[in-house]
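Just so you know, all these numbers are worked out from the coordinates, no wet-lab data involved. Since the model is a prediction, treat every value here as computed from it, not as a measurement. Don't worry about glycine lacking a Cβ; one is built from the backbone with ideal geometry, like all the others, and counts go over all protein chains shown.
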Amino acid sequence: MVRRLLIDTAAKQNKEFNLRGEAQTRIETLSDAVFAFAIALLVLSSSVPERYDELILSMQDIVPFGVCIALLMLIWYQHFIFFIRYGLQDAKIIVLNTILLFLILFYVYPLKFLFRVLYKLFYALFTGDRAISQELFTVTIKPEDAPDLMAIYGIGASLIFILLALMYWYALKKARSLKLNPKEIFETRTSIYKNVFMGIVPLISALIAFVGVGDTGTTFTLSGISYWLYMLVMPTFSIMRERVRKKKWDR
């Protein structure tokens, strides 16, 4: 029922695209199970509170947990759209999909750890609580290790989006056998470019963290701030692609 609702929504959002994979494949079934397991790992990574003070302390994980879930669902939805659009399930797609699922499972813990650190950091900055800040950079993570954390996350995030881009690129190569029309080819190229840009931003963050800019604190800060590039890059990309689309077909 949920799948049917999502398919109907996707069809309404892009009426020109013929959905070739409405029937759920074994690849999608396995992938859904892996995404569900990744969410379960996020839950299991937190210990069960046995006292009230531990319960209050554990509630601080709500924001990092929510952000992690949102990112996983973003990737899952892109994955879902790809398979209902093209219905591909050959060997090359299986390989690319397997690597993608491996990265998602591997980066679950680094993802939650990073957002825990960022949440505590911003909480300490806004509240002026020096005790949290001191604990963060003595117990949770050493200041000299903070850039490495950003590099680990950046490389992982970049690889995930690059893999999605490769899956769309492979679909584009199969345009003739899939009988993609010009509008579908345009949308496929748009998805490739979109995922490449989504992958470039975390790669920039990882490069800043790896190369270093000033001291470790400055490097960590700039590496994190670089993700604000999404606020500039993605809207600009959407506007430009929409102009090209209108120029081609809305004359």
Checklist outcome for this item: Listed by chain and number, the lysines with an alpha carbon less than 18 angstrom from that of LYS183, same-chain partners under 8 positions apart left out, are LYS12, LYS15, LYS173, LYS174, LYS194, LYS246, LYS247, LYS248
Checklist outcome for this item: 1/(1 + (r/R0)^6) with r = Cβ-Cβ of ALA40 and TYR123, R0 = 35 Å, i.e. FRET efficiency to nearest 0.05, evaluates to 0.85
Checklist entry - Counting alpha carbon pairs within less than 8 Å and at least 6 residues apart, what relative contact order, in whole percent, applies to the chain? => result 19
Checklist outcome for this item: Proxy exposure order for ILE225, ILE39, ILE81 (fewest C-beta within 10 Å first) is ILE225, ILE39, ILE81
Next on the checklist: Run the helix sum for the chain: -39,500 (n - 2.57) per DSSP H stretch of 4+ residues, divided by residue count, reported at 222 nm to the nearest 500 deg cm²/dmol.
Outcome noted: -26500 deg cm²/dmol
Checklist entry - Relative to the longest principal axis of the chain, what angle (0 to 90°, nearest 10) does the C-alpha long axis of helix 26-44 take? => result 10
Checklist outcome for this item: Between GLN89 and TYR170, the two model label points (7 Å from Cα along the beta-carbon direction) sit apart by a distance in nm of 1.4
Item to check | Given (i) 34; (ii) 53; (iii) 48, the label whose value is percent of Cα pairs over 26 Å apart derived from this model | outcome: (iii)
